[in-house]
Amino acid sequence: MRNRMSPNDHRSTSPRQVIFLDRDGTINVDRGYVFRIDDWGLGPGAIEAIRGLREAGYAIAVVTNQPGIGRGIFAESDFWALHEHVQQQLARQGASIDGVAFRPHSPADGFKCRKPATAIRDEIERLLGAPIDIATSWTVGDELSDAEFGRTIGTQTALIRSQYWQPAQLRERVDLVGDSLPMWPR
């Protein structure tokens, strides 16, 4: 299982609103394979957006494909070391992450568990220790696979404009499109 729980999680039967966030290009500036602290750079307004979403009652879950691990570019331990650094950076500013789940496979590996596959959603639900209120939850990312993941699990979807897609490629409804993470009213 490729996930990690926040140390402040608790068990509950009350459904939780969740913001499923892609990592690279959504929370941070996409610089290719981001696995070193020196390569990390938060995206514009990311801290404020995450803090505001937490204050609005959303759990924050990072769901990310990390094919650099499968390609041998970096190790899973590099991913976790960077995540711990990011979690500390965000937590100091009231913008912590409640759970993270990732897939280390490259598309060429042929694994069917990468986003947009939905098993990663079930991992987040286990990490949160509560059912997810899908109808009021969102998926936010910068690639079409992020929107497809959100549509498949039934959340509202938001796409950040990026080099990975063009408006003509939006085959199905996307609820919101913006330039960076703080794109919608709370």
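Just a few scattered comments:
- Exactly one residue out of Ile19, Ile27, Ile47 is over 17 Å from Ile69 (Cβ atoms), among the β-branched types (Val, Ile, Thr) and modelled with pLDDT of 95 or more, and it is Ile19.
- Residues of the stretch 89-125 satisfying the condition of being aromatic (Phe, Trp, Tyr) and free of Cβ contacts under 8 Å to residues at least 40 places away in the same chain: Phe111
- Identity of the residue in the stretch 59-70, modelled with pLDDT of 95 or more and out of contact with any Phe, Trp or Tyr (no Cβ under 8 Å at 6 or more places or on another chain), that ends up nearest to Glu148 (Cα to Cα): Ile60
- Entirely in the stretch 80-186, the strands (runs of 3 or more DSSP E) that have 2 or more residues that are surrounded by fewer than 18 Cβ atoms within 10 Å (Cβ to Cβ) and not hydroxyl-bearing (Ser, Thr, Tyr): 176-178
- With respect to being without any contact (Cβ under 8 Å) to a residue 24 or more places away in the chain and in contact with an Asp or Glu (Cβ under 9 Å, 6 or more places away or on another chain), Arg31 fits the description.
- Ile73 vs. criteria at pLDDT 90 or above, within 21 Å of Asp109 (Cβ to Cβ), not in a helix (DSSP H, G or I) and not aromatic (Phe, Trp, Tyr): yes
- Against the list (1) in contact with a Lys or Arg (Cβ under 9 Å, 6 or more places away or on another chain); (2) touching a residue at least 40 places away in the same chain (Cβ under 8 Å); (3) surrounded by fewer than 20 Cβ atoms within 10 Å (Cβ to Cβ); (4) among the small types (Gly, Ala, Ser), the condition Gly41 fails is (2).
- Conditions (1) at pLDDT below 95; (2) closer than 22 Å to Ser137 by Cα: number failed by Arg36: (2)
- Going through (1) touching a residue at least 60 places away in the same chain (Cβ under 8 Å); (2) closer than 21 Å to Asn28 by Cβ one by one, Pro131 falls short only on (2).
The values are calculated or read from the model by the stated rules, or taken from the named source; none is laboratory data. Treat the numbers as computed from the prediction; the structure is a model and nothing was measured. Because the Cβ atoms are built from the backbone with ideal geometry, glycine has one as well, and the counts that use them run over all protein chains shown.
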